[in-house]
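> Dropping the structure in here first, questions after.
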Amino acid sequence: MGYLFKNVTMLTMDDQQPHTVVGDLLVEGRKISRIAKNIPKMAHKVIEEEGLILMPGFFNTHTHISMSLFRGYGDDMPLFPWLKERIWPAEARLTKDDVELGARLGIAEMLLSGTTSFLDMYQDMERVAKAVSETGIRGHLSRGTIYSGDKKKDKAAIRELTALAQEWHGHDQGRIRILAGPHAIYTSQEAFLKEQLEVAKAFGLGLNIHVAETREEVADIRKAHGLSPMEYLKKTGVLEAPYVIAAHMVHLEDADRSIAAEYGVGIAHNPKSNLKLGSGIADILGCRNAGLKIGIGTDGAASNNTQDMVEELRMAALLQKGMNHDPTVFPAYEILKMATLGGAEVMGIQDEVGMLREGYEADLIAFQRKGPNMRPMSADPAALIAYSAKSSDICLTMVAGKMLMRDRKLLTMDLEGLYGPLEEALSRITSV
């Protein structure tokens, strides 16, 4: 038995179809099997509600999901003091159980706000993979590494990346995939970067790294190496990984964009985190015009406070309109496409998910138009979501044909059961 959505408005994100389609969509097994009008009901579970807007789920292309534990810890601080004085000391107190607990909390928030796929970077990723596997979300997980200078520790990090790839890469028909995750140039060393590159090449993994987030970072890299961040990554061979995802990319020169385009680097744009940490505003219009792949991410809840992609995509659109003094850039449908298919392109799975298309995996969400913010019913559905919707208007989240949230209730998680352990962990981790 599958799911049959009857008489719904669909935002397809598929240039081979009309952008907006009204009709029926049939899910059988993991996939969208048919989009048409008047599909017979047969034995399928029918979902037919007035005013539903169906679209692909959101792709959160950059986060540290277990840092949901640190929400509100270290607010209103610049990046480097925030890392050195708050985040890194607190992370040193984390247990593997804490990492999994934080991941489950973040996944709950994402499912309730329409994220069906996310790209993560953190430690103890085997426990994050466990949470992803059990909750049903699609997770691309990078084993975050910071060079310590301790040969034993650094070799152990490479072994952990290898073991993670061996156990989890491609799990559940590709729902879970593994990436190498060197944190950044300024927390790495060239030989350490190259060791992770070799693992990525051996297993066909992507490589996920923070790049050009702050002016200070770019200045320090140029002082140390005589190169911009992208020039350094090219020189060291890092950009020769099977695919590369660069988070932030706020402070770029034209040459950096050209290098990124040459190597097919995907950008994870994190507007709210960049604003909150005072890092600046990325020139996403310039990156798009240079031919770069761009997705949207929230970053972790310690630097953004929410994992809400509805807020994030709206912020992305409005910032670009304002900084370019042009209300026509990134119109509603285009910004929604960046948050869906754009994310799939960055994560390298655009042939499987990211559109409402027959044969694609059924990773989709539904907005309901019951609230006053979602009326009148005749308004453009893309504009309603981009400029008016709240994540609480999402009534359904599905991944690979499995219903994970329905009518604001999580179906694969005990959310209330997380809160007690969460408070215990928080008091221990953040004590100074």
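Computed from the coordinates by the stated procedures, all read-outs in this text should not be read as laboratory data. Worth saying up front: this structure is predicted, and the values here are computed from it rather than measured. For neighbour counting, all protein chains shown are included, and Cβ atoms are generated from backbone atoms with ideal geometry for every residue, glycine included.
> What is the log10 of I(q)/I(0) for region 26-170, computed with the Debye formula using one identical point scatterer on each Cα and no solvent, at q = 0.20, 0.21 Å⁻¹?
Each listed q maps to, in turn, -1.30, -1.39.
> So how do 406-413, 6-13 stack up, highest first, on mean other-Cβ count within 10 Å?
6-13, 406-413
> So, one more: Of S427, A386, L415, which is farthest towards the positive pole of region 368-432's charge dipole, taken about the Cα centre with +1 and -1 on the beta-carbons of Lys, Arg and Asp, Glu respectively?
My answer, from the dipole projection, is A386.
> Right, another one. Take the alpha carbon gyration tensor of region 277-381, find the square roots of its eigenvalues, order them as a ≥ b ≥ c, and report rounded if a/c is under 1.5; if not, report prolate when a/b exceeds b/c, else oblate.
Rounded, because the longest to shortest axis ratio a/c is under 1.5.
> Tell me the net charge near M1. Cut-off is 10 Å between Cβ atoms, M1 excluded, with +1 for each Lys or Arg and -1 for each Asp or Glu.
Counting the neighbours of M1, the net charge comes to 0.
> Report the relative contact order of region 180-258, percent, no decimals, based on alpha-carbon pairs under 8 angstrom and at least 6 residues apart.
The value is 37 percent.
> P(r) for region 232-343: what percent of alpha-carbon pairs falls in each 10 Å bin, starting at zero?
14, 47, 32, 7, 0
> Put a dot 7 Å past each Cα toward the Cβ at K194 and N373; how far apart are the dots in nm?
The two pseudo-label positions are separated by 5.2 nm.
> Could I ask something else about it? Find the all-direction average of the projected area of the Cα convex hull for region 193-270, expressing the result in square nanometres with one decimal place.
Result: 4.7 nm².
> Per-residue ellipticity at 222 nm for the chain, helices alone: DSSP H runs ≥ 4 residues times -39500 (n - 2.57), over residue total, nearest 500 deg cm²/dmol?
-10500 deg cm²/dmol
> Another question about this same structure. Short version: what are the Cα gyration tensor semi-axes of region 321-364, square root of 5 times each eigenvalue, largest first, in whole Å?
27, 11, 6
> Related question: Suppose the Debye formula is applied to equal point scatterers at every Cα of region 1-102; what is log10 I(q)/I(0) at q = 0.13, 0.22 Å⁻¹?
For region 1-102 at q = 0.13, 0.22 Å⁻¹, log10 I(q)/I(0) is -0.67, -1.13.
> Towards the positive end of the charge dipole of the chain, with charges on Cβ (+1 Lys, Arg; -1 Asp, Glu), say which of G114, L252, G266 has the farthest Cα.
Value computed over the given set: G114.
> Still on this structure, I have one more. Just the C-alpha atoms of region 114-183: what Rg/Rh do they give, with Rh taken as the Kirkwood radius?
Ratio value, two decimals: 1.01.
> I'd like the Kirkwood hydrodynamic radius of region 84-140, using the inverse of the mean 1/r over distinct C-alpha pairs, in Å.
Taking every pair of different Cα atoms in region 84-140, averaging 1/r and inverting gives 11.9 Å.
> Also, quick follow-up: If every alpha-carbon in the chain counts as one equal scatterer, what log10 I(q)/I(0) does Debye give at q = 0.07, 0.08 1/Å?
-0.32, -0.42
> Taking springs between alpha-carbon atoms closer than 10 angstrom, which of R86, R143, R177 fluctuates most in the Gaussian network model of the chain?
Highest fluctuation among the options: R86.
> Please name whichever of A212, G144, I185 sits farthest to the positive end of the charge dipole of region 138-226, dipole taken about the Cα centre and charges placed at Cβ: Lys and Arg +1, Asp and Glu -1.
G144
> For region 108-264, count the residues as N, evaluate 2.2 N^0.38 Å, and divide the Cα radius of gyration by that value, please.
1.05
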